[in-house]
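The structure under discussion appears below in the form of structure tokens.
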Amino acid sequence: MFNAFERKVAARYLRARRGERFVSVIAIFSLVGIALGVATLIIVMSVMNGFRQELLSQILGLNGDIGVYSAGPPLTGYDDISAKIRAIPGVTAAFPVVQGEVLFSGPRGGTAGGIARGITPEGLAALPTVASHIIAGSLSDLTGDGTIAIGGGLANQFGITVGQSITLIMPQGRATIIGTIPSIQSFRVVAIFQTGMQQYDSSFVFLPLGAAQTLFQHPGAATQIQVFVQDPDHDSAIKQAIVNALPKLPLNIQDWRQNNDSFLAAVTVEGNVMFLILTLIIIVAAFNVISSLIMMVKDKARDIAILRTMGATSGAILRIFLMCGASVGTLGTLIGFGIGVVFCAYIEQIKEFVSKITGTPLFDPTVYYLESLPAKLDWHQVTEVILMSFALSILATIYPSWRAARIDPIEALRSE
């Protein structure tokens, strides 16, 4: 597309001589702007992808992919129901759960609200988010009616260690002759887990299933059946299979999308808005390319006229300035791509370094719910960013190049 003559002239125009520094400075700023725009877009989109993946993995790892609830009273015969669901192809685990809201009270006073969940040993073992992140004690001791496993955030809040007790208060209580009295029960802490998600570590506790049934007054019943599947993105067939396997039960079946629809919608909207906002950086840099090329065309008007009188065609002039602008855009895009990929690869180390230099935490887990800054490169998105930057860079060079090709050599030399 470009012959040796056109490439040589374009390279010559990109190397500024004395008296041409201003145009060169504008071109450098254009290159830096494109590089920063591409790098910022890649980094921000990767961080948002990482947030989404980490939060979903934590949510699904603790709450399951599908929840089977009774449309009426709590589920009885939950062992048979769980066995029928586990027999469905694609289901990896299904177990009963008794869950409710409680108030926590520590030995030193103070209260906090949260969720108490009763679960079987098999079900707790199927939760890698908890079972693989025990920092004190052992889940094997979670037996009987007086034991409990709590999150690290809750343990720090109340200053509780393994072997000490925590009190659970049921706000709805039990009815007596003098009225409704809150149900209060103490449990011995046998395990402390640290999932890495502050929301769960500070508000979730796990009890043996029987203890939770007694606490929430659901003897011989479960509030839901948690189901884990092989492919959470394609669980519609499994939901229908559960309905077919349990035709006589009035069930309410919800998947992870329905349970987290507000979160998923917020993440999707934020991702789209951030993409549009950060694209403006590249567009502004593309306008700088237009400015630098227009100034270069005005500065090189005499050279263009001489080239035309020596036999260069208007198409050759057009391609020369197209090459000048495209070179700035291409180089800026490649530099931005390299910066973005390297930054994402070492984002945690960079965060720790900046935190150490400034002396302030840049990523508070109590605010962002995660203890580390995640980043996941989506190469499809990266490709879109690169192609968009290339396209904007090429579009920015069309008008100045067209103006250069339309310069009348006679008029240009006459003005000189």
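The values are calculated or read from the model by the stated rules, or taken from the named source; none is laboratory data. Because the structure is a prediction, the values reported are computed rather than measured. Here the Cβ positions follow ideal geometry from the backbone for every residue, glycine too, while neighbour counts run over all protein chains shown. Surface areas here come from the heavy atoms of the whole protein model, side chains and all, with no ligands, DNA or RNA. Shrake-Rupley method; radii C 1.70, N 1.55, O 1.52, S 1.80 Å.
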Using helices alone, what [θ] at 222 nm do you get for the chain, with -39,500 (n - 2.57) per DSSP H run of 4 or more residues, divided over all residues and rounded to the nearest 500? -18000 deg cm²/dmol
Mind listing the phi-derived Karplus ³J(HN,Hα) values for region 144-159, rounded to whole Hz, using 6.51, -1.76 and 1.60 with θ = phi - 60°, and x for any glycine or proline? x, 9, x, 10, 7, 10, 10, x, x, x, 5, 4, 5, 4, 9, x
Using a 1.4 angstrom probe, figure out how much accessible area region 173-322 has per residue, in square angstrom, rounded to the nearest whole. 49 Å²
Calculated from backbone phi, Karplus (6.51, -1.76, 1.60) coupling profile of region 245-253 in Hz, x at Gly/Pro: 6, 10, x, 8, 9, x, 10, 10, 10
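When only C-alpha pairs under 8 Å and at least 6 residues apart count, what is the relative contact order of region 1-140, in percent? Don't skip to the end; give the middle numbers.
Values: 70 pairs, mean separation 20.0, N = 140.
The normalised contact order for region 1-140 reaches 14 percent.
Just to be sure I understand: of the beta bridges DSSP finds with both ends in the chain, what percent are antiparallel, rounded to 5?
Values: 44 of 54 bridges.
Here the share of antiparallel DSSP bridges comes out near 80 percent.
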Suppose a student asked you for the relative contact order of the chain, using Cα pairs under 8 Å spaced at least 6 residues apart; what percent would you report? 28 percent
What is the magnitude of the charge dipole of the chain about its Cα centre, with +1 placed on the Cβ of each Lys and Arg, -1 on the Cβ of each Asp and Glu, and no other charges, expressed in debye to the nearest 20? 1860 debye
Rounded to the angstrom and largest first, Cα extents along the principal axes for the chain equal 109, 53, 37
Between 0 and 90°, nearest 10: helix 314-345 axis offset from the chain longest Cα axis: 30 degrees
Accessible surface of the chain, 1.4 Å probe, proportion on carbon and sulfur as whole %: 60 percent
Given a cut-off of 18 Å, what percent of all Cα-Cα pairs of region 94-222 lie beyond it? 49 percent
Run the paramagnetic zone check for Lys84: 7 angstrom along Cα to Cβ, then residues of region 250-274 with backbone nitrogen under 20 Å. 250-255
For region 43-114, report the % of Cα-Cα distances exceeding 19 Å. 60 percent
Run down the aspartates and glutamates and flag those whose C-alpha is under 18 Å from the C-alpha of Lys300, throwing out any fewer than 8 positions away in its chain. Glu6, Glu20, Asp408, Glu411, Glu416
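Multiplying the sequence separation of Lys356 and Asn156 by 0.36 nm and subtracting their Cα-Cα distance, what value in nm do you get? Mind showing how you got there, number by number?
Working: separation 200, 0.36 × 200 = 72.00 nm, distance 2.39 nm.
Full extension of this stretch gives 69.6 nm more.
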Centre separation in Å (Cα based) which lies between region 94-165 and region 330-347: 44 Å
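Please work out the FRET efficiency for the pair Gln53 and Ile306, using the Cβ-Cβ distance as r and a Förster radius of 45 Å; give the result to the nearest 0.05.
0.15
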Full-extension gain in nm, Tyr399 to Thr268, via 0.36 nm per residue minus C-alpha separation: 43.6 nm
How much length, in nm to one decimal, is gained on full extension between Lys376 and Glu411, taken as 0.36 nm per residue of separation minus their Cα-Cα distance? 6.9 nm
